Amino acid sequence: MLDDAGKPINAHWGSILRYHGVYYWFGGIMEGKTINQHVPLPGVSCYSSRDLYHWKNEGIVMPGEIAGTDLVLPRYPEREKVIYNRRTRKFVMWMHVDTTEYHYARAAVAVSDSPTGPYHYLGSMRPNGSECRDMTVFQDKDGKAYLIFSSEGNATTHIAQLTDDYLKPNGAMARLFIDQWREGPAVFRYGKRYFLINSKCAGWAFSAARFAVAPSMLGPWKELGNPTVGAGSDKTFDSQSSDVLQVAGKRGAFIFLGDRWKPDDLVDSRYIWLPISIQGDKLEIQWRDHWDLSVFK
């Protein structure tokens, strides 16, 4: 995918926020040579679009290193996700902060007055005292927000409700997928159902996606198998879940966003976007070589 200057979009582990009619795509920048399946991460990028086809590079909205904080090498940020708090009028970015050994295992938060930054880093924590690795955030229709993350050595998924300012957990939480080793969470709501898509823990390798449905974010969650179908579904079409985007103005229009990793050349990692079909509790994601928003009625 290219931006409006013809350059590859550099926003890995991406998530998309819609605000005042504009979509903002946030993600981690990868630059330089891949060594031992790692690459320099100079910061968090942002791209903007009104139609999901044409993207403008808004630049680096938060650097990857910030002196005087814990966000300095060998620690780095990944899986940056942004939501907007209507009460505080702040854009709140959550991210996973770690080292190449993945022993630091913390969640961090930053805030901004504008979707395009700059984001001010507030520090990191272990949510409710638990390890945090792959993560995402979800904002519900009632304004409540949740942090969803791999924990307990990645064996279990935690969902932690956030305080009203979205800056820390409020203590309410749920543990799910116990001893199932899942990562790459992506959450969305359609009607009265909540859906969670993720992958098995496989490092940069690809695995079959999994999904679950619940009547509320804190559960109970019912596991329903692999949402992808057809050739390539055993490896999620060579991708890993990153986010689910709801298309404005179209009922039931959701797009699966996946990272297509190249572990020996991470800078050349690509993205896939595919429409999601929803029938009751069932999700279905099929591979399409070409498609556009007209698939949504």
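Some points to look at:
- Contact order relative to length of the chain, as percent, for alpha carbon pairs under 8 angstrom and 6 or more apart: 11 percent
- Sequence-distant lysines (8 or more away, or on other chains) whose Cα lies within less than 16 Å of LYS250: LYS297
- Positive dipole terminus of the chain, leading residue within GLN180, ASN226, CYS132 (C-beta point charges): ASN226
- The trypsin sites (Lys or Arg not before Pro) of region 96-153 meeting both criteria, a DSSP state outside H, G, I, E and B (loop) and at most 12 other C-beta atoms within 10 angstrom of the site's C-beta, are LYS141.
- Kirkwood Rh in Å, taken over the chain so that all alpha-carbon pairs contribute: 19.1 Å
- Neighbour cut-off at most 16 other Cβ (10 Å), DSSP loop, chymotrypsin sites (Phe, Trp or Tyr not before Pro), region 186-245: TRP204
- Listed residues ASN226, ASN36, ASN154, most fluctuating in the chain (Gaussian network, C-alpha, under 10 Å): ASN36
- Sequence ranges 88-97, 122-131, ranked by mean other-Cβ count within 10 angstrom, highest first: 88-97, 122-131
Since every read-out is calculated from the coordinates, none of them should be taken as a lab result. The structure presented is a predicted model; accordingly, all values stated were derived computationally and were not measured. So basically every Cβ, Gly included, is an ideal-geometry build from the backbone, and we count neighbours across all protein chains shown.
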